[in-house]
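Since the structure comes first, as structure tokens, the remarks are kept for the end.
The values are calculated or read from the model by the stated rules, or taken from the named source; none is laboratory data. This is a predicted model, so every value here is computed, not measured. Note that we place each Cβ from the backbone using ideal geometry, even for glycine, and neighbour counts take in every protein chain shown.
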Amino acid sequence: MLSPSELERYARHIVLQDVGGQGQQKLKDARVLVVGAGGLGAPVLQYLAAAGVGTLGIVDDDCVSLSNLQRQVIHRTDALGEPKVASAAEAIAAINPHVTVEPYPTRLNAQNALALISKFDVVVDGTDNFDARYLISDACFFAKKPLVSAAVGQFDGSITLLKPYVQDESGHYINPTYRCLFPQKPKAGVLPSCTEAGVLGALTGLVGSLQALEIIKEIVGFGEGLVGRLLLVDTKAMHFETIKYKRSDKNPLNGDNPLSWAELLESSV
């Protein structure tokens with residue numbers, strides 16, 4: 001139940017017809033895992049904490065550095081050198097004392113991804129490389145967890161919602177996977193990193209806020225999610241475009257004989 005102070009704190013949510021008291025209670029009961037407490041993870045964590053998501057898991061093995069502060073707005077200057085999960089937890093406690101934080105100062109890998117993701121209701125990918133995105137999306141498929149995945153470039157970004165585990169009445173999977181959207185992983189070094197190319201700080205705030213909104217919609221159950229749709233953001237032109245993508249049998253998780261989690265890891269695809 002929501003306490004009197006929570007009712008006042010979330011009053012602007014509760015008066016929304018599509019959220020209300022029931023929706024706010026869903027947020028309080030929800031467990032969301034945010035992988036990466038950087039440029040995307042920072043606004044995601046801030047807005048989910050402010051929205052009253054009951055438990056936030058944070059996975060990040062990095063420490064706060066001075067070059068982070070141009071975009072990773074959850075961290076403070078006096079947190080330099082501190083683990084990002086600890087810095088983020090301190091900020092969340094200041095935003096909303098009703099939120100529980102579960103910090104994981106580690107890197108998500110093939111050995112821990114499935115077990116860790118299985119503990120949560122919704123997962124957010126705030127990482128900055130394709131190896132991590134493929135790993136997280138594959139683990140979410142096998143754990144049957146919704147995934148809000150996003151990426152940013154210098155001035156552009158993208159976001160989608162993945163629920164490829166959903167089946168129709170005949171038991172057939174109906175939604176696309178991340179591998180349907182990006183069938184082949186780019187070779188190392190083809191795409192420049194944030195360190196090499198740079199990134200506009202406010203861009204990560206915009207895309208991360210869109211991720212938070214998509215997560216809130218998924219938890220509460222209103223609106224239309226970005227399943228099978230990729231939202232593209234071009235901040236130079238301030239242009240938003242949505243492209244549709246479909247499930248494909250030309251990836252190892254689809255078709256008549258999809259790979260198991262163990263087989264997928266062994267195949268290194």
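Filter region 115-139 down to the residues that are assigned to a helix (DSSP H, G or I) and surrounded by fewer than 18 Cβ atoms within 10 Å (Cβ to Cβ) and list them by number. Passing the criteria: Ala115, Asp131, Tyr134.
To keep it simple, each residue is scored yes or no on (1) touching a Lys or Arg at 6+ places or on another chain (Cβ under 9 Å); (2) outside any loop (DSSP other than H, G, I, E, B); (3) closer than 30 Å to Asp29 by Cα.
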position: Pro164; (1), (2), (3): yes, no, yes
position: Val207; (1), (2), (3): no, yes, yes
position: Leu230; (1), (2), (3): yes, yes, yes
position: Glu241; (1), (2), (3): no, yes, no
position: Arg247; (1), (2), (3): no, no, no
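Of all residues in region 152-181, those satisfying the criterion of being of a type in the set (A, V, I, L, M, F, W, C) and more than 19 Å from Glu218 (Cα to Cα) are Val152, Phe155, Cys180, Leu181. The set of residues from region 19-43 being assigned to a strand (DSSP E or B) and crowded, with 24+ Cβ neighbours inside 10 Å comprises Val32, Leu33, Val34, Val35.
Given the criteria modelled with pLDDT of 95 or more, surrounded by fewer than 20 Cβ atoms within 10 Å (Cβ to Cβ) and touching a Gly at 6+ places or on another chain (Cβ under 9 Å), does Leu16 qualify? Criteria met by Leu16.
Taking every residue in region 199-212 that is touching a residue at least 24 places away in the same chain (Cβ under 8 Å) and more than 12 Å from Gly38 (Cβ to Cβ) and pairing it with any residue that is of a type in the set (A, V, I, L, M) and assigned to a helix (DSSP H, G or I), at least 6 positions away or on another chain, the pairs with Cβ-Cβ distances below 6 Å are Gln211/Val44; Ala212/Val44; Ala212/Leu48. Restricting region 245-261 to residues that are farther than 18 Å from Ala151 by Cβ, at pLDDT 85 or above and not polar (S, T, N, Q), the residue that is surrounded by the fewest Cβ atoms within 10 Å (Cβ to Cβ) is Lys246.
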